[in-house]
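Participant: Handing you this structure, nothing more for now.
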Amino acid sequence: MTSSSRSYGDELAIVIVTYSPGETLDRNLDSIAAATTREVRVVLADNGSTDGAPERAAETRDEVEFLPTGANLGFGGGANRGVAALGDEFGWVVVCNADVEWAPFALDELLAATSRWPRGGAFGPLITEPDGGIYPSARLLPSLGRGAGHAVFGRVWPGNPWSRAYRQATAKVEERTAGWLSGSCLLLRREAFDGVDGFDPRYFMYFEDVDLGDRLASRGWLNVYVPSARITHVGGHTTSRTPGKMLLEHHRSAYRYLADRHRGAVWAPLRLALRLALAVRARLEVRAGSK
């Protein structure tokens, strides 16, 4: 395992990537007080909000800082900008969406897990949806067969074997390692995150968390699922405004992830087939969603 030459402290920060989050941001911020007994600095890495919500939060809450990124950098790019603004005293950083709410003591549960997993680079909570269902947030890395099968058939045949394996749909809900963890809420060891240069900014949205989990593992860090820590993810607040664009972005990111890991001339025919299959699926889904 490689390590950064920088020395980090033990302070905690939360970087929330915002893009006109509306009332979901206040609900997120209100829930933090009960989630941890520690002092927390909150940075709102703002990708160009027009609703004024991030600015108001920073004006009315002493622990909150408004940090405009200057453009819509996507989730990973915005998170990178927020983390880069932190001093080295912040050795622990949560990156999350604006539309999550913390259960009481959830953040302290994540922090407690770091002592049990000294090689843990990323720690993810159990994520519940508004209806109480559990979102499969700790998954296997998408191998070529598993990833392609899920990418092509995931929406049209939800119970297909590739998606079930990828999502770990039948896995026991217990503390364990995973291939990757949902980026909607992650506690990151700063040494690990900075050591892999953060999120890959080429991923505007989707798969940036998959890619991060893979790169952390390649440096010897673990991705640890901590279901004793719970959050609720409202979901879709931003993406629901432009569903067609987001569908296309999801397919582009899926292709980028798999193509990056299958480079060279020998894989060219497979990359072409995968690109075509994903393009067809994207068009069909956009068309179906517009009806």
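The values are calculated or read from the model by the stated rules, or taken from the named source; none is laboratory data. Quick caveat, the model's predicted, so the values are computed rather than measured. Here the Cβ is made from the backbone with ideal geometry for all residues, glycine too, and neighbour counts use every protein chain on show.
Participant: Tell me, which residue of segment 176-191 that is farther than 26 Å from L29 by Cα and of a type outside the set (K, R) is surrounded by the fewest Cβ atoms within 10 Å (Cβ to Cβ)?
Facilitator: Among them, the one singled out is T177.
Participant: Same structure, new question: Scan segment 115-141 residue by residue and report those that are in a loop (DSSP other than H, G, I, E, B), closer than 24 Å to G76 by Cβ and among the charged types (D, E, K, R).
Facilitator: R119, E129
Participant: Here is a check on your reading of the model: is Y206 in contact (Cβ under 8 Å) with a residue 60 or more places away in the chain and closer than 22 Å to D99 by Cβ?
Facilitator: Spelling it out, it is not the case that Y206 is in contact (Cβ under 8 Å) with a residue 60 or more places away in the chain and closer than 22 Å to D99 by Cβ.
Participant: What residue, among those in segment 21-51 that are among the polar types (S, T, N, Q), over 18 Å from the mean Cα position of the chain (by Cα) and more than 27 Å from S115 (Cα to Cα), is surrounded by the fewest Cβ atoms within 10 Å (Cβ to Cβ)?
Facilitator: T50
Participant: Quick one: G213 ticks every box in (1) in a loop (DSSP other than H, G, I, E, B); (2) modelled with pLDDT of 75 or more bar one, so which box is it?
Facilitator: Among (1) in a loop (DSSP other than H, G, I, E, B); (2) modelled with pLDDT of 75 or more, G213 violates only (1).
Participant: On to the next question. Name the residue, out of G48, G22, G70, G87, that is part of a loop (DSSP other than H, G, I, E, B), out of contact with any Cys (no Cβ under 8 Å at 6 or more places or on another chain), of a type outside the set (D, E, K, R) and under 24 Å from L216 (Cα atoms).
Facilitator: G87
Participant: Does P158 fit the bill of being buried (at least 23 other Cβ atoms within 10 Å of the Cβ), at pLDDT below 95 and part of a loop (DSSP other than H, G, I, E, B)?
Facilitator: Taking the combined requirement at face value, the residue does not satisfy it.
Participant: Could you please give the count of residues in segment 52-64 that are more than 25 Å from E89 (Cα to Cα) and within 23 Å of the chain's Cα centre (by Cα)?
Facilitator: Residues meeting the conditions: 1.
Participant: Which of the residues spanning segment 225-263 are of a type in the set (K, R) and either in contact with an Asp or Glu (Cβ under 9 Å, 6 or more places away or on another chain) or modelled with pLDDT of 70 or more (or both)?
Facilitator: Selection gives R230, R252, R256, R261, R263.
Participant: Of all residues in segment 109-146 being of a type in the set (D, E, K, R) and crowded, with 17+ Cβ neighbours inside 10 Å, which is nearest to the chain's Cα centre (by Cα)?
Facilitator: R139
Participant: Next up: Tell me, which residue of segment 192-225 that is of a type in the set (V, I, T) and within 22 Å of G9 (Cβ to Cβ) is surrounded by the fewest Cβ atoms within 10 Å (Cβ to Cβ)?
Facilitator: Among residues in segment 192-225 that are of a type in the set (V, I, T) and within 22 Å of G9 (Cβ to Cβ), the one surrounded by the fewest Cβ atoms within 10 Å (Cβ to Cβ) is V196.
Participant: Could you please let me know if K291 is at pLDDT below 65 and either farther than 27 Å from C96 by Cα or part of a helix (DSSP H, G or I) (or both)?
Facilitator: Criteria met by K291.
Participant: Also: Of everything in segment 54-67, what is surrounded by 21 or more Cβ atoms within 10 Å (Cβ to Cβ) and outside any strand (DSSP E or B)? Give them in sequence order.
Facilitator: P54, A57
Participant: Also: So for segment 101-114 (the condition being in contact with a His (Cβ under 9 Å, 6 or more places away or on another chain) and part of a strand (DSSP E or B)), does at least one residue qualify?
Facilitator: Among the residues of segment 101-114, at least one is in contact with a His (Cβ under 9 Å, 6 or more places away or on another chain) and part of a strand (DSSP E or B), which makes the answer yes.
Residues are listed down the side, and each one gets a yes or a no for (1) free of Cβ contacts under 8 Å to residues at least 24 places away in the same chain; (2) touching a Ser or Thr at 6+ places or on another chain (Cβ under 6 Å):
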position	(1), (2)
T69	no, no
G74	no, no
G78	no, yes
W102	no, yes
L107	no, yes
P118	yes, no
T128	no, yes
A138	no, no
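Participant: Let me spell it out: the conditions are (1) among the hydrophobic types (A, V, I, L, M, F, W, C); (2) out of contact with any helix residue (DSSP H, G or I) (no Cβ under 7 Å at 6 or more places or on another chain); (3) at pLDDT 95 or above, and F123 meets all of them except one. Which number is the exception?
Facilitator: Every listed condition holds for F123 apart from (2).
Participant: State which residue pairs qualify: first residue over 10 Å from A13 (Cα atoms) and inside segment 36-52, second residue assigned to a strand (DSSP E or B) and of a type in the set (S, T, N, Q) in any location, beta carbons under 8 Å apart, and separation of 6 or more residues or different chains.
Facilitator: Short answer, once both residue conditions are applied: L44/T18; A45/T18; D46/T18; N47/T18; S49/T18.
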